[in-house]
Amino acid sequence: MAKSAKGPGRRASKWQRGHRPLSTGVLGQGAFSTGTVRRRDGEYHVRHISASAAQKIYTCPGCHLPVPAGTAHVVAWRADSIFGDEHAAAERRHWHTHCWRIG
């Protein structure tokens, strides 16, 4: 495996990496789908991520606080995007479960 130009042990920013499509039909280990959920601003695909499967830190769009690694949470993306499912999946967001419920 070649080292990046950024130096030993450093990876390129996720914004510099190629697009990785998300299949709405395939769930990762530790995740389960609730399918499509209608909210006041539209329809969303929703996945619940278990604490054991949550391996990264994200920023919750509801409260703008971190969703720490090891915290069960919700991943949601638009089901009714005019740009299509692939674009919507690329724009998915990780929410605290509570923030998703009250959002």
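The values are calculated or read from the model by the stated rules, or taken from the named source; none is laboratory data. Values in this document were obtained by computation on a predicted structure and should not be read as measured data. Every residue, glycine among them, receives a Cβ derived from its backbone with ideal geometry; neighbour counts consider all protein chains shown. We work out accessible area using only protein heavy atoms, side chains counted, and drop any ligands, DNA or RNA first. Shrake-Rupley method; radii C 1.70, N 1.55, O 1.52, S 1.80 Å.
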- Item | Selection of GluC sites (Glu not before Pro), region 35-103, meeting DSSP coil and at most 16 other Cβ within 10 Å | Glu91
- Label model pair Asp41, Ala72: point-to-point distance (7 angstrom along the Cα→beta-carbon line) in nm is 2.6
- Message: Apply the Karplus curve 6.51 cos²θ - 1.76 cosθ + 1.60, θ = phi - 60°, to the phi angles in region 35-49 and return the couplings in whole Hz, x for Gly and Pro.
- Response: x, 9, 10, 8, 10, 4, 9, x, 9, 9, 7, 10, 10, 9, 9
- Give the accessible surface of region 44-103 per residue, rounded to a whole number of Å², with probe radius 1.4 Å and ligands, DNA and RNA excluded. 57
- Any idea how far apart Thr59 and Arg101 come out in nm if each label point goes 7 Å out from Cα toward Cβ? 2.6
- Message: Given a Förster distance of 30 Å, report the FRET efficiency between Ser50 and Ile82 from their Cβ-Cβ distance, rounded to the nearest 0.05.
- Response: 0.40
- Using a 1.4 Å probe on the protein chains only, how many percent of the accessible area of region 36-103 belongs to carbon and sulfur? 54
